[in-house]
Amino acid sequence: IQHLRPKLPTKLTPRQGDPHCVPWHQDVGVCVPESDSTDMITVWIPLVPVGQANGSLLLNPGGHKRGLLQHKIHRGIQIPPTELPRTGLEERLVKIGPGDVLFMSKYCPHRSTKNVSRTVRWSIDLRYQRANTTSGRPFFPTFNIGDRGLVFDEWKKTWQAAKAQYKGQAIHRWTARRKESTKAQKRKEGTEK
């Protein structure tokens, strides 16, 4: 899994909202259950200086020790407030810049803050796992770092095919559960009529 993220200033977004202001979540929470046994690490790389004004990350130090927390679908994927400690939730603001790298466990609760600056905050986040293990999003192509046989044009074609194939699929465990629940409810309503 990899993303290039432009985090726009809030004033430039519709209704001064921020579609990239991500609530508390864990990266394992946005993967499919088949990847639960995969050792996965997130590498977050800022391309510009990042601090409180331009939408930094907040981490919950030690939160990874709780394992996978329940997530829900509400304006994206998030850990519901009932899953987080009511008091004493430690939040650590990450101040980081170009040349720095942040490594996170797939269980590390984290969120982003609003970009109230006048500039775009650019970052890259990558997920690494051992070769031949489930990536968390099996419908997207993966590649092995250092693979000298990797041909960009061929890899690009696999991405184009994957984008066409995954339309409508559950992209993480919570979407799958919601779809299964909806189907079950429709079956129940159909048998009760």
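Numbers below:
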{"read-out": "Segment 56-83 residues that are touching a residue at least 12 places away in the same chain (Cβ under 8 Å), paired with ones that are basic (Lys, Arg) (beta carbon under 7 Å, 6 or more apart)", "value": "Ser56/Lys95; Leu58/Arg92; Leu58/Arg111; Leu59/Arg92; Pro61/Arg92; Ile73/Arg178; Gln78/Lys72"}
{"read-out": "Filter result (surrounded by 14 or more Cβ atoms within 10 Å (Cβ to Cβ) and touching a strand residue (DSSP E or B) at 6+ places or on another chain (Cβ under 7 Å)) within segment 75-90", "value": "Ile77, Gln78, Ile79"}
{"read-out": "Yes/no for Gln165 being over 30 Å from Pro14 (Cα atoms), open to solvent by 80 Å² or more (accessible area, probe 1.4 Å) and not aliphatic (A, V, I, L, M)", "value": "yes"}
{"read-out": "Selected residue (only one of Thr82, Thr38 is in a loop (DSSP other than H, G, I, E, B), hydroxyl-bearing (Ser, Thr, Tyr) and within 25 Å of His172 (Cα to Cα))", "value": "Thr38"}
{"read-out": "Residue in segment 124-133 that is among the hydroxyl-bearing types (Ser, Thr, Tyr), assigned to a helix (DSSP H, G or I) and either touching a Ser or Thr at 6+ places or on another chain (Cβ under 9 Å) or open to solvent by less than 70 Å² (accessible area, probe 1.4 Å) (or both) present", "value": "no"}
{"read-out": "Search result, residues across segment 91-101 that are open to solvent by 30 Å² or more (accessible area, probe 1.4 Å) and assigned to a strand (DSSP E or B)", "value": "Arg92, Leu93"}
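The values are calculated or read from the model by the stated rules, or taken from the named source; none is laboratory data. Just so it is clear, the structure is predicted and the values come from calculations on it, not from any experiment. Cβ coordinates were reconstructed from backbone atoms using ideal geometry, including for glycine residues, and neighbour counts include every protein chain displayed. Quick note on the areas: whole protein, heavy atoms, side chains included, nothing else; ligands and nucleic acids left out. Shrake-Rupley method; radii C 1.70, N 1.55, O 1.52, S 1.80 Å.
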